[in-house]
Amino acid sequence: MPENPLPENGYVHGYSARESERLRDQAQTLTELLHHDTHYPAGCRVLEAGCGIGAQTVILAQNSPDALITSVDISEDSLRRAEDRIRQEGITNVTFRQGDIFQLPFGGESFDHIFVCFVLEHLADPEQALRQLHPILKEGGTITVIEGDHGSTSFHPENTDARRAIDCLVELQRRGGGNALIGRQLFPLVTAAGYHDVSVSPRMVYVDSSRPALVEGFTKLTFTAMVEGVAEDVRKQGLMTKAAWDRGIAALYRTAEEDGVFCYTFFKATARK
Ligand SMILES: C[S@@+](CC[C@H](N)C(=O)[O-])C[C@H]1O[C@@H](n2cnc3c(N)ncnc32)[C@H](O)[C@@H]1O
């Protein structure tokens with residue numbers, strides 16, 4: 001096997017400009033579906049763990065303009081971009097800080113609420129990450145965790161190479177220490193990490209050509225772009241031939257045509273300390 005070409009700290013999607021653009025498109029398309037029921041009260045302290053380039057930070061801050069949000073990420077570069085973005089939006093209730101979710105620089109019970117989105121899927125020990133967050137959450141405070149699950153994908157027309165291309169992404173993430181099928185595990189994970197009143201809400205994105213914004217924003221720019229983004233790694237690791245890969249990607253784009261259909265389910269867990 002060739003050497004693992006995954007970026008530093010194993011983050012499978014990397015930190016390229018295209019990935020940044022993909023995360024922004026993803027966030028815009030999914031805002032309503034994922035965020036409509038997250039509003040934090042005035043004056044409360046919220047930790048966003050793993051904020052990336054700030055795609056969810058903007059939404060969190062706009063939905064809870066009077067909450068005091070601290071957004072943390074391990075990547076200095078992503079934090080800089082997140083900060084620029086927040087400044088451009090004129091948002092003033094967010095503070096950024098570099099940090100590793102496994103050893104965050106906060107004292108006990110520092111936050112009323114914690115928000116974690118699309119981060120656990122990249123971590124080798126997601127339960128431990130949730131455990132590390134437990135002491136810095138106030139008694140009675142809430143944690144919200146949102147994750148996808150690539151195994152939830154279904155589409156029409158069905159295609160074997162498209163399935164294999166998605167499986168390659170799952171396999172690459174596994175080799176990098178992550179889990180692209182983590183959405184279905186949120187209930188047991190959050191429960192095992194010591195939180196109470198765990199409630200998981202599956203959020204399905206259903207896309208057909210009567211929903212052109214989702215065809216563009218989700219099927220093409222979010223999901224298929226994400227799969228396409230690992231083409232080089234798939235090749236380097238010899239997971240699929242170029243011909244089969246190209247057929248798989250073409251088949252995913254095919255689901256965005258007039259008679260195509262694409263479905264994906266996200267999982268949103270909320271729990272209390
Ligand atoms: C897919 S991005 C999601 C970013 C953002 N939450 C969003 O939904 O747009 C995952 C982020 O987790 C960060 N990350 C990975 N491991 C981390 C760790 N141990 N501590 C803090 N952040 C981490 C990565 O740097 C990356 O920015």
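In units of 2.2 N^0.38 Å, what is the alpha-carbon radius of gyration of the chain?
Working: Rg = 18.4 Å, N = 273, 2.2 N^0.38 = 18.5 Å.
Working it through for the chain, the quotient is 0.99.
Output wanted: per-residue J couplings in Hz (rounded whole) for the stretch 95-108, from phi through Karplus 6.51 cos²θ - 1.76 cosθ + 1.60, θ = phi - 60°, x for Gly and Pro.
Per-residue couplings from phi come out as 10, 9, 8, 6, x, 9, 3, 7, 8, 6, x, 10, x, x Hz.
Taking amide H positions as placed in the peptide plane 1.01 Å from N, state which residues far from Val205 in sequence (5 or more) or on other chains have amide H under 5 Å from it.
Here the answer is Tyr264, Thr265, Phe266, since their amide H atoms fall under 5 Å of that of Val205.
Skipping prolines and chain starts, which residues have an amide H placed within reach, meaning under 5 Å, of the one on Leu123, given they are 5 or more residues away or on another chain?
Distant-sequence amide H within range of Leu123: Asn179.
Could you give each residue of the stretch 204-213 its phi-based ³J(HN,Hα) in whole Hz, using Karplus coefficients 6.51, -1.76, 1.60 with θ = phi - 60°, and x for Gly or Pro?
8, 9, 10, 10, 9, 6, 7, 10, x, 5
Work out the length of the dipole vector of the stretch 169-273 about its Cα centre, built from +1 on the beta-carbon of each Lys and Arg and -1 on the beta-carbon of each Asp and Glu, and round it to the nearest 20 debye. Please report the intermediate quantities before stating the final value.
Values: 14 positive and 11 negative charges, 103 e Å.
My answer is approximately 500 debye.
Compute the length gained on full extension between Asp246 and Glu32: take 0.36 nm times their separation in residues and subtract their Cα-Cα distance, giving the result in nm to one decimal.
Residue separation times 0.36 nm, minus the Cα-Cα distance, leaves 73.8 nm.
Below 28 Å, Cα to Cα, which lysines can Lys273 reach? Residues fewer than 8 away in the same chain don't count.
Excluding near neighbours in sequence, the set is Lys138.
To the nearest 0.05, how large is the calculated FRET efficiency for Arg211 and Glu89 if R₀ is 22 Å and r is the Cβ-Cβ distance? Could you put the intermediate results ahead of the total?
Values: r = 26 Å, r/R0 = 1.20.
FRET efficiency, Arg211 to Glu89: 0.25.
Residue by residue through the stretch 124-129, what is 3J(HN,Hα) from phi via Karplus (6.51 cos²θ - 1.76 cosθ + 1.60, θ = phi - 60°)? Round to whole Hz and write x for glycine and proline.
Values, residue by residue: 5, 10, x, 5, 5, 4 Hz.
7 Å from Cα along Cα→Cβ at both Arg184 and Gln103: what's the point-to-point distance in nm?
Placing both labels 7 Å beyond Cα along the Cβ direction yields 3.5 nm.
Which three semi-axes in whole Å describe the equivalent ellipsoid of the stretch 92-246, each the square root of 5 times a Cα gyration tensor eigenvalue, listed largest first? Intermediate values should be presented prior to the final figure.
Numbers: eigenvalues 219, 69, 45 Å².
Sorted largest first and rounded, they come to 33, 19, 15 Å.
Please compute P(r) over all alpha-carbon pairs of the stretch 54-155, binned at 5 Å starting from zero, and give each bin as a whole-number percent.
Reading the bins upward from 0: 2, 11, 21, 23, 21, 13, 6, 2, 0, 0.
Ordered by packing density, taken as the mean number of other Cβ atoms within 10 Å over each peptide's residues, highest first, how do 166-179, 141-154 rank?
141-154, 166-179
Less than 25 Å apart at the alpha-carbon level, and either on another chain or at least 8 residues along: which lysines does that give for Lys242?
Straight-distance partners of Lys242: Lys220.
Of Val116, Gly148, Asn93, which is farthest along the charge dipole of the stretch 70-163 in the positive direction, counting Lys and Arg as +1 and Asp and Glu as -1 at C-beta?
The listed residue farthest towards the positive side: Asn93.
In the stretch 49-68, whose amide N lies under 11 Å from the spot 7 Å out along Cα-to-Cβ of His39? List them in ranges.
Answer for this model: 63-65.
For Asp125 and Ala231, compute 0.36 nm times the residue count separating them, minus their Cα-Cα distance, and round to one decimal in nm. Before the final figure, lay out each step's value.
Details: separation 106, 0.36 × 106 = 38.16 nm, distance 2.59 nm.
Going from the current span to full extension adds 35.6 nm.
Each reported figure results from applying straightforward, stated rules to the coordinates on display, with no laboratory input. These numbers come from a predicted model, not from an experiment. Quick reminder, even Gly has a Cβ in these numbers, built from the backbone with ideal geometry, and neighbours come from all protein chains shown.
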